[in-house]
Structures are given as structure tokens and as C-alpha cells.
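The values are calculated or read from the model by the stated rules, or taken from the named source; none is laboratory data. Just so you know, these numbers come straight off a predicted model, no measurement behind them. Note that each Cβ is placed from the backbone with ideal geometry, even for glycine, and that neighbours are counted across all protein chains shown.
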Amino acid sequence: MAVLNILHFPDPKLRRVAEPVEVVDDAMRELIDNMFETMYDAPGIGLAAPQVGVNKRLMVIDVSEESDQPLAFINPEVITAEGKKSYDEGCLSVPGFYEKVTRPDVIRVRALDRNGEQFEMDADDLLAVCVQHEIDHLDGKLFVDYISNLKRQRIKRTLEKEEKARLKQTASA
Ligand code: GNR
Ligand code: NI
């Protein structure tokens, strides 16, 4: 298993629409395992393949207190959505920033599991937030797209500076 590198906003790879997964094979299951390891290491409650540079419709989530309820979703689709709720969202690709985002509050999602079997799941509360946040990643969207241009630009400049500083550090090490 391996901890993968997480891309940060405004990396253009985070803006691609990810491709559906055609076959769920051992290589896909290895990627899923590595994504779980990366998510737990971060630590985070979800991770989408585009965040680790993989342009596939695949995401992993664990919103449990004990980090013992891993959920993998392949080619996920929201099939019903009701209500509205706002939640203070963060993102491993936008480290250090949190902003209120309003989304549907109760959803039903359909996806394939790690064995390629279709399943459906009802989600509310944090799980509903996280499923929608991760599906956004698969569509090249980030939570910063829901906030003001001014706030987004500020976040972008801060993260660009941090990235530059990291590159310098790496070059001189
Ligand atoms: O770890 C995460 N926490 C979080 C908190 C509120 C709303 C959404 C999230 S998802 C985030 C991990 C992540 O960036 N997944 O893409
Ligand atoms: Ni995210």
C-alpha cells in the first residue's frame, strides 16, 4: 500500500471531468486501497481519484468516528435529492480553508462497489455532504466554486505562494 500525493487548487488536473470506470479489476482495487490509506493518513473523511491525479470516476469515504466504515464508490450517481442544508466544508485539495456551502440534505446514491456490484445507499448529514463533495471532484468542481470570486482568488493566491515555497524547498534540499 502507498500514501499518494494530493494535488492542490489551482492544479488544472482538478478541473477535468473524470472518465467512467469500465472494469473493476485488481489494479482498480489496489488504487482504492491506496486512496483509503492516503485519506486516513491525511487525515480526511473522503478522497476522489482526481485529487491524486487519476482521471477516473472513483471515490472513497469514511465519515465514522472510529475510521472503521470505509465506503468505495465507482461511477457514483445521485438519484434523488431533497431539502437544503449548509455545512462548513473543507477539502484536502484546498488545505487550511473552510467555507459554508449549501447543498441538498438527504440523497440517494447509486454506484458500483469494489467488486463491481451495483448498490444504492441513502445518505444524510455529513455523509450526504461528503458524497456530493466527492462527486463534484469527479466533475472537476471544488467547494471554492460555491463562494465569492474574491474569496476564491484570495485562497488561490495563498495556495500558489505555498506551492512556490514548497518547490524552492525541494530544489534546495
Ligand atoms: O476531509 C474532508 N472533510 C470535509 C469536511 C467538510 C465537508 C467536506 C469534506 S471532504 C474532505 C476531504 C476531501 O477533500 N475530499 O475531497
Ligand atoms: Ni475535496
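Quick notes
- No other residue among LYS151, LYS100, LYS164 is at pLDDT 95 or above and not in a helix (DSSP H, G or I) apart from LYS100.
- Among the candidates SER93, SER64, SER86, residue that is of a type in the set (Gly, Ala, Ser), under 19 Å from MET39 (Cα atoms) and over 15 Å from the mean Cα position of the chain (by Cα): SER64
- Residue check for MET35: under 15 Å from the mean Cα position of the chain (by Cα), of a type in the set (A, V, I, L, M), over 14 Å from CYS130 (Cα atoms) and not in a strand (DSSP E or B): yes
- Options MET39, MET35, MET28, MET59; residue that is among the hydrophobic types (A, V, I, L, M, F, W, C) and away from ligand 2 (no atom under 16 Å from the Cβ): MET28
- Taking residues in region 116-143 that are closer than 14 Å to ILE61 by Cα, and partners anywhere that are among the polar types (S, T, N, Q) and at pLDDT 95 or above, the pairs with Cβ atoms closer than 7 Å and at least 6 places apart or on different chains are HIS137/GLN51.
- Residue within region 133-152 that is surrounded by 11 or more Cβ atoms within 10 Å (Cβ to Cβ) and over 23 Å from LEU47 (Cα atoms) present: yes
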